[in-house]
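The values are calculated or read from the model by the stated rules, or taken from the named source; none is laboratory data. A quick note: this is a predicted structure, and the numbers were derived from the prediction, not measured. Don't worry about glycine lacking a Cβ; one is built from the backbone with ideal geometry, like all the others, and counts go over all protein chains shown. Remember, those area values only see protein heavy atoms, side chains included, never the ligands or the DNA or RNA. Shrake-Rupley method; radii C 1.70, N 1.55, O 1.52, S 1.80 Å.
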Amino acid sequence: MSAVGSDTSDTSATTTEATRKVPRWRRILCGVLVVIVCVLVPVSILAVWTRNTLLDTDQYVETVGPLAGNQAIQQAVADRIVIVLKERVDLESKVEEALPERAKFVVPFVAQGIRGFIRDQALRLLQSEQFQTLWDGANRRAHGQVVALLTGNEGGRIRTKDGKVAIELGPVIEKVNEKLTDLGVDVFDDETKERGELVLFQSEDLTKIQGAVDLLDQIAVILPILLLVLLIAAIALSGNRRRTVLRTAIGIAISAALVLIVFNLLRTVYLDAVESASVDRDAADAAYEQILQFLRLSLRTAFAVAVVVAIGAWVAGPGSAATRIREGVKGLVNGDEAAAVEQSSLGRFVARYKTPLRVVVVLAGLVLLMALSQLTPLTVLVIAVLVVIGLLLVEFLGRGGSGAEPDARATPPTKSTTKKTATKRST
């Protein structure tokens, strides 16, 4: 009977919570706050990424560092070195001067062979650890100009005209020339060494977002705090807090998914633009993916956390499907075992602290998501299932207790008390 009474009490409490009336202004304000939170979550992530990745030198160099080992970047740099050589050095004339008159017909083939040899030597350097050092140094020197481009100032070793970000390849060409000189090939002059560059990004739209970047940098610290305050206010004003948490989580998941879709669409538009500007498409694609890696990971994490919270809030709700899930788990245990749970101190403890325990289960899932450095859809699904199982376990263990200490007034009469009552009546 107590188990039935407990279930009835829980259902009644849930129904009361769901039907509790709150002033109209509170419902409207709560809804507005939820919408603001859902919209500002991706904006907050974007602001933190802008401040901590794009505008921070150490983090920027660490972010673009892996590009040194990217095959598309290495091929693009090697090709660019050969192009610079072809544009700045009349290799055919040098070969023609070195060959006798009767061998003039092989000049184009020899020049082409030299270019291929130079490209091979450049690739060897680019595939070594030495290039990683050169790459990090070039990007560290260039980062100040990246910041200048994004905030509206230009000049220095990176050219920012028309939204172009081009890394100077002078130090790389110098190292390639040293290797060629050791092999007896000397084709680069001083001017050629200083004029090489690799375009990583080129878009006129970069110059149009300078104000937005400055704004994101300014609000990066305060916006996450503001979001937390707004979320707490929305839950405090809500007449049904579980439902508010559910709707907020769904809204955050949708907003994060939409931003990820937008970045995927912009990637295609951007690559079409750089290809028309004669920029290596594969290298630009690699740079785009690498720069946005942390931003995408943050958005995916926000999406995953929101999904886990939404699932937890839904399973804890009074819906028919959620109720059937909980009852199905309860039915896995037979009556005797259920009675044992009902009478146990564990059951009474869980019944009394059911809401805090639900929060602990959900928070455990969130901590696990934040602790993992690599998130995949399968990982998120497994964590979500574990959270659901944990919530169902809380429901099962707590269903047998009323959550309150036994009332002394409800203590059944003892045998001696019954005898005394009978004696008084007979008297």
- Task: Kindly provide the set of residues from the stretch 78-131 that are open to solvent by 60 Å² or more (accessible area, probe 1.4 Å) and of a type in the set (Gly, Ala, Ser), ordered by number.
- Result: Ala98
- Query: From the set of residues in the stretch 274-283 that are open to solvent by less than 40 Å² (accessible area, probe 1.4 Å) and under 13 Å from Arg80 (Cβ atoms), which is modelled with the highest pLDDT?
  - Reply: Ala283
- State which residue is nearest to Gly31 (Cα to Cα) when the search covers only the stretch 253-273 and only residues that are open to solvent by less than 60 Å² (accessible area, probe 1.4 Å) and touching a Phe, Trp or Tyr at 6+ places or on another chain (Cβ under 8 Å). Ala253
- Please enumerate the residues belonging to the stretch 72-126 that are in contact (Cβ under 8 Å) with a residue 60 or more places away in the chain, among the basic types (Lys, Arg) and over 23 Å from Arg281 (Cβ atoms). Arg88, Lys94
- Message: Out of Arg324, Arg300, I need the residue that is modelled with pLDDT of 80 or more and basic (Lys, Arg). Which one?
- Response: Arg300
- Within the stretch 55-76, how many residues are open to solvent by less than 20 Å² (accessible area, probe 1.4 Å) and under 14 Å from Asn139 (Cα atoms)? 8
- Would you kindly identify the helices (runs of 4 or more DSSP H) lying entirely within the stretch 185-252 that contain at least 2 residues that are at pLDDT 70 or above and open to solvent by less than 60 Å² (accessible area, probe 1.4 Å)? 210-219, 222-237
